[in-house]
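What follows is calculated from the coordinates using simple rules that are stated; it is not laboratory data. The shown structure was predicted, so the numbers you read here are calculated from the model rather than taken from an experiment. Heads up, the Cβs are rebuilt from the backbone with ideal geometry, glycines too, and the neighbour counts pull from every protein chain shown.
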Amino acid sequence: MPESYKSLRESVYARWGVLLIVSLIMAANYFFYDALSPLKDKIQTNLGFSNQQYGFLQSTYSISNVFLFMAVIGGILLDKWGIRFTGIGFTFFMALGSILTFYGASGTFRNGGLGYAFMNSFLTRFTPEFKMMTFGYFLFGLGAETSIVVITTIVVKWFKGKELALALGLNLAVARIGQALSFFFSANLSTPDFWYRPILLAACLLSIAFLFFLVYSIIDYRLDRQIHFKLETDETDKFKVSDIVKIIRIPSFIYITLLCVTFYSAFFPFLKYATDLLHNKFDLATAYAGRLTSIPIFCTVLFTPFFGWMADLKGKSASMMVYSSILLIIAHLTLTFTMVTPIVPMALLGISFSLIPAAMWPAVAKIIDQNKLGTAYGIMFSVQNFGLWLFPILIGLILDKTNPGVTAQLVEEGVAKYNYTYSILMLAIIGILGVVFALLLKREDKTSGFGLELPNRKR
């Protein structure tokens with residue numbers, strides 16, 4: 001190939017067009033991920049779920065990644081078989097799971113639709129709706145986490161050595177728009193007779209996202225033919241199981257993975273309950289509380305690309321992770337112990353969560369070689385999902401134990417409230433661990449030579 005020949009990757013329009021496509025896929029993923037969160041009270045009222053059952057439903061997203069190591073397996077498949085095969089398979093699972101989750105909540109299923117009798121034939125202490133929705137959310141999680149690994153790898157593939165942190169920041173910003181819109185509109189889209197309408201919309205968006213990935217696969221095939229990017233073309237770069245051992249023996253990778261699980265455990269499970277928390281503590285209408293819950297997400301839309309640009313230009317990724325962890329703790333303690341308008345701590349959470357992805361994911365690309373990046377992201381996502389599985393259950397369990405006699409029905413009638421103090425205090429304590437791991441990562445960077453404090457973009 002002549003040196004003057006330029007691949008699609010060198011085309012500004014192609015590169016940023018690809019970013020738009022995969023970012024929209026991520027937006028649909030994130031929209032569905034939190035589509036149930038503003039509906040907590042409606043799910044409990046209409047389906048009779050306890051706080052612990054609601055927490056378990058949310059945690060099933062992570063079961064396949066915690067106990068079956070699917071994010072790791074997906075990362076290995078990505079490194080071994082490539083982006084197209086892995087991405088198509090897992091985005092399909094993501095779409096299928098969303099459809100089944102909607103179906104479990106729908107009136108059609110509840111009135112004896114297809115599969116209702118089967119779901120009612122085992123584990124009879126749980127309702128068929130609970131079992132169908134948890135199965136659907138399980139399949140969604142099985143596909144969603146590996147899909148994020150795939151998309152992150154796609155962005156690295158197209159932008160490494162260029163505007164990588166900015167691209168990753170914009171990718172997350174677009175994805176967070178989907179998540180924010182879920183909080184902002186879900187409660188308003190819901191009606192008494194069709195309360196599960198937001199879940200239907202989210203399932204439709206994920207079905208469209210699957211089609212989008214098919215479109216990207218055509219572009220990816222063309223790029224691979226141009227630059228022979230496939231990992232299989234070089235025998236020395238093929239994935240080996242021993243590579244996992246090599247990855248997890250890197251101290252910087254250990255610290256950044258532990259920071260990842262502590263930070264995300266203190267953030268995403270909180271969002272699952274945030275609307276209900278604001279409704280109970282501040283006497284806000286559910287729809288308005290949902291809009292306030294979208295503040296952290298809209299902040300990430302605004303600030304993540306900016307912080308990504310700063311990391312590309314100035315560096316300081318390790319320092320940014322320290323600052324982010326500190327802001328997270330301040331936000332949770334403010335919500336726990338004060339009656340300051342929730343806009344303030346929610347905005348602090350948003351700034352905190354803008355710093356972390358802008359700094360963390362490009363940093364991994366500095367620590368791990370390109371041909372093992374999918375496996376590394378898969379390991380991180382599996383460890384992260386342990387927290388995403390455990391903490392929604394713990395929050396619900398603590399909420400039930402510290403609020404004896406309080407039910408969703410009594411809250412709806414205005415005669416009782418849930419007290420979230422101990423649940424959120426637990427998340428603040430987890431945030432303290434995040435600060436410790438961030439400081440250890442920054443100290444290690446002084447001797448590792450990975451240059452996490454250096455600019456990402458090559459000059």
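At a glance:
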| item | result |
| --- | --- |
| Extension reserve of the GLU412-ILE432 stretch, reckoned as 0.36 nm per residue once the Cα distance is removed | 3.7 nm |
| Region 1-139: projected area of the alpha-carbon convex hull, averaged over directions, in nm² | 11.4 |
| Debye log10 I(q)/I(0) for region 377-459, one point scatterer per Cα, at q = 0.18, 0.19, 0.20, 0.25 Å⁻¹ | -0.92, -0.97, -1.02, -1.18 |
| Cut-off 9 Å between beta-carbons: net charge of the residues surrounding VAL411, Lys and Arg +1, Asp and Glu -1 | -3 |
| Total formal charge among the other residues, if their Cβ is under 15 angstrom from that of ILE326, Lys/Arg +1 and Asp/Glu -1 | +2 |
| Region 1-62: Cα Rg divided by the 2.2 N^0.38 Å rule of thumb | 2.01 |
| Diffusion constant of region 351-423 at 20 °C, which comes from Stokes-Einstein with the Kirkwood Cα-pair radius and 1.002 mPa s, µm²/s | 137 |
| Exposure proxy order (Cβ contacts within 10 Å, fewest to most) of VAL301, VAL150 | VAL301, VAL150 |
| Pairs from LYS246/LYS366; LYS246/LYS446; LYS162/LYS246; LYS80/LYS446; LYS131/LYS281 whose Cα-Cα separation, in the structure shown, is over 24 Å | LYS162/LYS246; LYS80/LYS446; LYS131/LYS281 |
| The chain: calculated mean residue ellipticity at 222 nm from DSSP helix runs of at least 4, using -39500 (n - 2.57) | -26500 deg cm²/dmol |
| Percent breakdown of C-alpha pair distances by 5 Å bin, ordered from the shortest bin, for region 59-137 | 3, 14, 19, 19, 16, 11, 9, 6, 2, 0 |
| Of the DSSP H helices in the chain, those whose Cα atoms cover at least 24 Å axially and whose Kyte score averages -0.5 or more | 12-33, 83-105, 128-159, 164-189, 197-227, 251-281, 295-313, 317-337, 343-367, 373-402, 421-448 |
| Loop sites in region 83-142: trypsin sites (Lys or Arg not before Pro), DSSP, at most 10 other Cβ within 10 Å | ARG125 |
| Alpha-carbon Rg with Dmax, taken over region 290-373, Å | 14.4, 50 |
| Cβ-based net charge around SER37, under 12 Å, with every Lys or Arg adding one and every Asp or Glu removing one | 0 |
| Cα-based shape type of region 343-385, given that a ≥ b ≥ c are square roots of the gyration tensor eigenvalues and the cut on a/c is 1.5 | oblate |
| Long-range Cα-Cα pairs in the chain (distance over 28 Å), rounded percent | 48 |
| Residue-span extension gain [ILE218 to ILE88] - 0.36 nm each, minus C-alpha spacing | 45.7 nm |
| Prolate/oblate/rounded label for region 181-335 (Cα gyration tensor, a/c 1.5) | oblate |
